[in-house]
Structures are given as C-alpha cells and as structure tokens.
1. Got a sec? How would M1, M113 order by Cβ neighbour count within 10 Å, fewest to most?
2. Would you mind calculating the relative contact order of the stretch 3-156 from Cα pairs under 8 angstrom and at least 6 residues apart, reporting the percent as a whole number?
3. GNM on the chain, C-alpha springs below 10 Å: top fluctuator among S86, S26, S147?
4. Would you please state which residues of the stretch 38-78 a label at E112 would reach in this model, taking the label point 7 Å out along Cα→Cβ and a backbone N cut-off of under 18 Å?
5. All other residues with a Cβ under 12 Å from the Cβ of W85 taken together, and with Lys, Arg as +1 and Asp, Glu as -1, what is their net charge?
6. Considering only C-alpha atoms, what is the centroid distance from the stretch 97-135 to the stretch 31-88, in Å?
7. What is the fewest-to-most order of V128, V101 by other Cβ atoms lying within 10 Å of their Cβ?
8. Summing Lys, Arg as +1 and Asp, Glu as -1, what charge do residues with Cβ under 11 Å from the Cβ of F145 carry, F145 excluded?
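Please treat every number below as a calculation from the coordinates, not as lab data. The structure presented is a predicted model; accordingly, all values stated were derived computationally and were not measured. Cβ sites come from the backbone with ideal geometry, for glycine too, and all protein chains shown count toward neighbours.
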Amino acid sequence: MASIIGDRGRFAIEYALYDRPRPFGSVRLWIADLWIGDFGQTAYLDYFCRKLYFLHSKRVLRTKLAFVTQPSADQLVELSSIGNWSFGEAFDGFNLLYFAVAGDRCLSFRWEMADWLRETHPDYPGGVRVGKIDFNTYDEVVTPFLSHIFTSTVGWDELAPDL
C-alpha cells in the first residue's frame, strides 16, 4: 500500500515498502504536481535515502551543490557534468539536476522525462521542468520519511542518521 508524506503541489515523497531485510520498495518524488520516478520500479531504497539525507539543509550548503545566487547557464552545464544525479533505479528515466541556492534558502530541481519512458506516459509534460523547494518544506518531508524507513526496517534503526 502506498503512503505519501508532504503535499504533491509543493513537495512530497510517495512510497511503498515491502518486507525485506534492507529498505525495499517503490518510490517517487512529487514537485509542483509532477512526479519524478517510476513507481512501478521496485528497488532497494538505501541509495535513495542517502541522497535525500545529503540534500538536507544542514549538509547541502557545505557542498559543491550550493550556490549563493541562482547559477548561470554555464555553471549548470558544468555542474551537470560532475556527477551522478539519479536518486536510484526508479529515477533512471529522468534527466535530473539539483542544487541549493543559499540566498533563496531553497533546493532547485530541473528534470526532463527520457523519450523511452515518455512512450508509456505520453501525457507527462515535455521539456525541461523546474521546481523549487524551500529548505523548511524539504526538511519537513524528508525527516519523517527517513525516520519511517529507518524505524520500520528491521535492524536499520541502529544505522539511522542524525536527523
């Protein structure tokens, strides 16, 4: 059964957990009423959880993903070339980029659905989509999600990060 934390119109995490020794299930993000991630794809969720934890406002502002103001087009091109932007297997059908803008106290997401996934989701809007999530909203959604994952998976409560 799927659960959702947050508001799909702003930012939310939709997920379904399955009984496994490690966090396993389906997951997708919602930003401004658009989903990112193939909910039909099941996977171990520990990688997804680590990415979410890394973007928590207490950490992201000390990384190369943090900009004082909105980055230029050249900075975005450079940023997109330096790492893996996927949140895991469920997100492989999206070209995804995210970064923090310290002056705006927000995370900015840019994404576009890949053509091969669009074949099964023709109603999904085309082109590059942009969404901003203020730090407080992000943290208010991610913290309870991670807490739930770590406390509902046997043995993972001992590995829970300091949220």
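1. On the way: M1 4, M113 21.
Exposure proxy ranking, most exposed first: M1, M113.
2. Result for the stretch 3-156 is 24 percent.
3. Evaluated over the chain, the most mobile residue of the options is S147.
4. 72-78
5. Net of charged neighbours comes to 0.
6. 10 Å
7. On the way: V128 11, V101 17.
In order of increasing Cβ crowding within 10 Å: V128, V101.
8. -3
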